[in-house]
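Presented below is the structure to which this report refers.
The values are calculated or read from the model by the stated rules, or taken from the named source; none is laboratory data. Worth saying up front: this structure is predicted, and the values here are computed from it rather than measured. We place every Cβ from the backbone using ideal geometry, glycine too, and count neighbours over all the protein chains shown.
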Ligand SMILES: O=C(O)CCC(=O)C(=O)O
């Protein structure tokens, strides 16, 4: 594929808040990524509860392992550390993240096992990590063919230009939107589908979610989030200044953030019981669920 986006793709990204590039990543590279995922997930047979690397499904047992997420693979695997800076990805992002450079913000592998894989309630990534400017996005790579049946990511086009919605429940940040509390037509959601190797880019303010995987095929999705080098996080720097600057993958660090108006809510307070790095734990206190599934009992309201 051409590593550079066409002007039409750049315009679509800014207009709609996302783009989908089928066959962007070559089959040989997908095979390497899958091999590293398999290597990391193999540790699940030794676990009875989630740890800093693997987020286990509630149905997991060491005998029948079920991993729903690899957390921060770029921090837990040399392979994924290097992959976050992959020139193919940098070249795609160059025209949309601006000239200041590019910083990795977070990475994860979301795994929906066949017949079972978890849903992700509607949310905006921006609600988790507001920055001083909104040149912030996530790149997704499907490691298997993704169709409407095995739980594609769903997006609401154009919502990156709208408000930042409430992602709190019972006074705690829960990383999910109450579908009845926002004036959005969820039936207009677009499923992002494509063959293995399809690459997606979505704006951090775009409303998105994803349904259960009730098919007989798994769906594994590598997500890598990036910010312009001059976008500074407002709520959490995720470590020291040195760590922050070490995550620059193109361009130079800067101490002068670019500040532009963008609607912000602070993702605090954190829930006392939510496992770190688990969107599933975080969202589990949302009672009014769009995609179904059982909500956890409501915690005592936080005093904010
Ligand atoms: O796995 C998906 O389809 C979407 C996940 C997502 O939006 C997230 O992890 O923030």
Close pairs (7 angstrom Cβ cut-off, 6 or more residues apart or separate chains): touching a residue at least 12 places away in the same chain (Cβ under 8 Å) and more than 22 Å from residue 173 (Cβ to Cβ) in segment 128-141, more than 12 Å from the ligand (Cβ to nearest atom) and assigned to a loop (DSSP other than H, G, I, E, B) anywhere: 135/98; 135/231; 141/25
Residue tally, condition within 9 Å of the ligand (Cβ to nearest atom) and in contact with a helix residue (DSSP H, G or I) (Cβ under 9 Å, 6 or more places away or on another chain), over segment 195-222: 3
Yes/no for residue 74 being buried (at least 16 other Cβ atoms within 10 Å of the Cβ), at pLDDT 95 or above, within 14 Å of the ligand (Cβ to nearest atom) and under 16 Å from the mean Cα position of the chain (by Cα): no
Residues that are touching a strand residue (DSSP E or B) at 6+ places or on another chain (Cβ under 9 Å) and under 25 Å from residue 277 (Cα atoms), drawn from segment 168-192: 174, 175, 176, 177, 178, 179, 191, 192
Condition broken by residue 87, with the remaining ones in (1) out of contact with any helix residue (DSSP H, G or I) (no Cβ under 9 Å at 6 or more places or on another chain); (2) within 16 Å of the ligand (Cβ to nearest atom); (3) within 27 Å of residue 195 (Cβ to Cβ) satisfied: (2)
Exclusive hit being in contact with a strand residue (DSSP E or B) (Cβ under 8 Å, 6 or more places away or on another chain), buried (at least 17 other Cβ atoms within 10 Å of the Cβ), in contact (Cβ under 8 Å) with a residue 24 or more places away in the chain and not in a loop (DSSP other than H, G, I, E, B), set 244, 221, 212: 221
Boolean, residue 230 is part of a loop (DSSP other than H, G, I, E, B), more than 13 Å from the ligand (Cβ to nearest atom) and surrounded by 21 or more Cβ atoms within 10 Å (Cβ to Cβ): yes
Within segment 138-178, considering residues that are part of a helix (DSSP H, G or I) and within 15 Å of the ligand (Cβ to nearest atom), the one nearest to residue 264 (Cα to Cα): 160
Total residues in segment 36-59, condition more than 21 Å from the chain's Cα centre (by Cα) and under 19 Å from residue 79 (Cβ atoms): 4
Segment 7-28, residues that are surrounded by 12 or more Cβ atoms within 10 Å (Cβ to Cβ) and without any contact (Cβ under 8 Å) to a residue 40 or more places away in the chain: 9, 11, 12
Residue match in segment 200-207 (condition: in contact with a strand residue (DSSP E or B) (Cβ under 9 Å, 6 or more places away or on another chain) and surrounded by fewer than 17 Cβ atoms within 10 Å (Cβ to Cβ)): no
Filtered residue count, segment 117-136, keeping only those that are within 12 Å of the ligand (Cβ to nearest atom) and either at pLDDT 95 or above or out of contact with any strand residue (DSSP E or B) (no Cβ under 9 Å at 6 or more places or on another chain) (or both): 10
